[in-house]
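Remarks on the structure that follows.
The values are calculated or read from the model by the stated rules, or taken from the named source; none is laboratory data. On a predicted model such as this, the values are computed, not experimentally measured, just so you know. Here Cβ is always computed from backbone atoms with ideal geometry, including for glycine, and neighbour counts include all displayed protein chains. Side chains are part of the model used for accessible areas, which takes the heavy atoms of the whole protein and leaves out ligands, DNA and RNA. Shrake-Rupley method; radii C 1.70, N 1.55, O 1.52, S 1.80 Å.
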Amino acid sequence: MRAAAPGEFLVLPWPEGGGSAAALDPEPESGEEGRGWLLLRCGALLGLTLFCVAMLRRWIAGGVCRCSVRLDGKTVLITGANTGIGKETSRELARRGARVVMACRDLTRAEQAAEEIRRTTGNGNVVIRHLDLASVYSVRQFAKDFLDSEDRLDILINNAGVMMCPKWLTEDGFETQLAVNHLGHFLLTNLLLPKLKSSAPSRVVNVSSIAHRGGRIDFDDLFFSRKPYSSLESYRQSKLANVLFSRELARRLKGSGVSSFCLHPGVIRTELGRHVQGWFPLLGALLSLPSLLLMKTPSQGCQTTVYCAVTPGLEGRTGRYFSDCAEKEAAPEGQDDVVARKLWEESARLVGVKDT
């Protein structure tokens, strides 16, 4: 073979067997070696798949509250605490030594959850109280009993909620999603403010949702009395109300030692979506397996709540919105101070709170 002259290509002969792909493929075609090669490739593919799934799950899990602050001698009140992220939040704060008051509608399930938390954390100072956020009377009775019996309130976590339920009206004539997700917590917080102030520094943590984006407070028809009812539109309105309430509460409590925060916990596998699954049972069945991969567990979902409740130094960020254990920017509609003040005034009128 002659050397290539400058400006020419050197042409090498093909291996024996011609230019077929089979001649260039080092993979054995049959026998034990062929099966071994196939198993090796399948194992590598499986390993890569498991690695990708693990990385996806880690990303979906989001932030983790790494603060190790103890809460010995502190009292925490959590609504909707017998299931989902409320239950896991109760467990996390009980593990830190707090006295945990679980405010729940179903006392049977609440006692079962409380007993489990006492057993797994070793904290016997976990108690249950009845609270129905859909009832103004129940909220007022609960607040009266709490103020009469508890010495302090260091952290109030407004966690309970309903999502995309049918159009139901409460005993007070309020649409259920706005009543439970916002008005009940608005009334509860205002009634407990004396205890929060006397226990300062203290915190109010409102569990909202990313669904507040695109929400709108319709002051002319808050309860869908005139326009057709949309469960999604109603849910967005109630979650936007959480953000605006937290913001206005922070403004009104400036200098009092009481801080206010709201948060998006993530998309979580809980009972909250039971109404959606009830409407579309086939869709729920089809999505049950992917949900195991693509949704947070309740333990992962409570991390931002715990972060807002216990992390030192957050007082300077009162009124802000958090997600994945970090401050995030709320949607523009959640930063409208004029709407926030108007919502406060209208909410106070509806539940009978003297606006100060």
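When residue 235 is tested against (1) touching a helix residue (DSSP H, G or I) at 6+ places or on another chain (Cβ under 6 Å); (2) surrounded by fewer than 22 Cβ atoms within 10 Å (Cβ to Cβ), exactly one condition is not met: (2). For segment 308-338, residues that are outside any loop (DSSP other than H, G, I, E, B) and touching a residue at least 40 places away in the same chain (Cβ under 8 Å) total 15. Looking at segment 142-171, which of the residues that are part of a loop (DSSP other than H, G, I, E, B) and without any contact (Cβ under 8 Å) to a residue 60 or more places away in the chain is least open to solvent (accessible area, probe 1.4 Å)? Filtering first and then ranking leaves 170.
Filter segment 184-204 down to the residues that are touching a Ser or Thr at 6+ places or on another chain (Cβ under 6 Å) and either assigned to a helix (DSSP H, G or I) or polar (S, T, N, Q) (or both), then identify the one that is most open to solvent (accessible area, probe 1.4 Å).
Residue satisfying both the conditions and the ranking: 197.
Taking into account only those residues within segment 57-76 that are at pLDDT 95 or above and touching a Gly at 6+ places or on another chain (Cβ under 6 Å), which is surrounded by the most Cβ atoms within 10 Å (Cβ to Cβ)? That would be 71.
Checking 131, 93 one by one, the residue that is of a type in the set (A, V, I, L, M, F, W, C), crowded, with 24+ Cβ neighbours inside 10 Å, touching a helix residue (DSSP H, G or I) at 6+ places or on another chain (Cβ under 6 Å) and in contact (Cβ under 8 Å) with a residue 24 or more places away in the chain is 131 and no other. Taken over segment 96-115, the residue count meeting the criterion of being open to solvent by 10 Å² or more (accessible area, probe 1.4 Å), in a helix (DSSP H, G or I) and either in contact with a Cys (Cβ under 7 Å, 6 or more places away or on another chain) or not aliphatic (A, V, I, L, M) (or both) is 5. Here the condition is being of a type outside the set (Gly, Ala, Ser), touching a Gly at 6+ places or on another chain (Cβ under 8 Å) and closer than 25 Å to residue 183 by Cβ; of 100, 136, it holds for 136 alone. Filter segment 339-356 for residues that are in a loop (DSSP other than H, G, I, E, B) and either open to solvent by 70 Å² or more (accessible area, probe 1.4 Å) or acidic (Asp, Glu) (or both) and give the result. Across segment 339-356, the qualifying residues are 354, 355, 356.
Can you tell me which residue is modelled with the lowest pLDDT among those in segment 283-338 that are of a type in the set (Val, Ile, Thr) and surrounded by 11 or more Cβ atoms within 10 Å (Cβ to Cβ)?
Within segment 283-338, the match that is modelled with the lowest pLDDT is 297.
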